[in-house]
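Input: a single structure, listed below in structure tokens.
The values are calculated or read from the model by the stated rules, or taken from the named source; none is laboratory data. This one's a predicted model, so the numbers in the text were calculated from it and none came from an experiment. All Cβ positions, glycine included, derive from the backbone under ideal geometry; neighbour counts span all protein chains shown.
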Amino acid sequence: MFSKNKPIKTTYGIVGLGRFGSALTAKLSEFGAELMVIDRDEERVREMRDYTDNAFVVASLDKKSLAETGIQNCDVGVVCIGDHLDTSILTTLNLVGMGIKKVVAKAISEEHGEILKKLGAEVVYPEQDMAIRLAVRLENSNVLDFMQLTEKINISKMLVPEWAIGKSVVETEFRSKFALNIIAIDNAGNVVEHVKPDYIFREGDILFVSGSKDAVIRLLEQSTEK
């Protein structure tokens, strides 16, 4: 059974390891997140053990079977099931009922999304998300990748703006002015996971920031103005 080991980090329980669930697992693993994953397909689960030891084959996604994995101990539960609407809806209902703080669910249509919202989940539409990611990357050369976790929360991987180089985190006002949180900074393979307020941005820094899509756009517009 999965249990949370590091209270500081957000833990994610991902149900469904199709293309969307597998890609989400790989990306969150890159960010150093603590993960557990569940699927009915043994081969898919085996492949995800490169990213987490907490990978479970579960034949039935009923509440009892889910509880036996320990997914209720995760901070965020993500339902990545799209091909079977009844299973998607039931699994979402079970995760919400188990008391997980935040449940995010993949929807394949507006109608599907409305049902998931009424169950208490935050909804993502992968096809729309891919369009947003492509548009952001095409329009902004500083953005290396862009992932929408919920309707209001995105994670962006981006080059440090030129105007921020040589300034500290406090001076650039990422949080107070742009409502963006810096998750980590990578410079030539050296990753800083706990970014202090006095960190001085350097040329070549790659930032991982979380916040709304509008916040990212405001930062990019500020970069253009500078």
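Of the residues making up the stretch 118-126, at least one is part of a helix (DSSP H, G or I), under 18 Å from the mean Cα position of the chain (by Cα) and at pLDDT below 95.
Just wondering, is there one or more residues in the stretch 196-210 that are assigned to a helix (DSSP H, G or I), over 24 Å from SER29 (Cα atoms) and not assigned by TED's automatic domain parsing to the domain that holds GLY32? Let's see the steps before the verdict.
Taking the stretch 196-210 first, the residues assigned to a helix (DSSP H, G or I) are none.
Looking for residues that are assigned to a helix (DSSP H, G or I), over 24 Å from SER29 (Cα atoms) and not assigned by TED's automatic domain parsing to the domain that holds GLY32, one finds none in the stretch 196-210, hence no.
Scan the stretch 26-46 and give yes if some residue there is in contact (Cβ under 8 Å) with a residue 60 or more places away in the chain, assigned to a helix (DSSP H, G or I) and buried (at least 23 other Cβ atoms within 10 Å of the Cβ), otherwise no. Within the stretch 26-46, not a single residue is in contact (Cβ under 8 Å) with a residue 60 or more places away in the chain, assigned to a helix (DSSP H, G or I) and buried (at least 23 other Cβ atoms within 10 Å of the Cβ).
You will find that of LEU149, LEU138, LEU144, LEU180, the residue that is of a type in the set (A, V, I, L, M, F, W, C), within 12 Å of GLY211 (Cβ to Cβ) and either modelled with pLDDT under 75 or loosely packed, with under 13 Cβ neighbours inside 10 Å (or both) is LEU149 and no other.
Selection of first residues in the stretch 58-74 that are of a type in the set (Lys, Arg) and of second residues that are surrounded by fewer than 16 Cβ atoms within 10 Å (Cβ to Cβ) and assigned to a helix (DSSP H, G or I), restricted to Cβ pairs under 8 Å at least 6 apart or on distinct chains, gives the following pairs, ordered by first then second residue: LYS63/GLY97.
Only residues that are of a type in the set (A, V, I, L, M, F, W, C), at pLDDT 90 or above and surrounded by fewer than 18 Cβ atoms within 10 Å (Cβ to Cβ) were counted in the stretch 97-117, giving 1.
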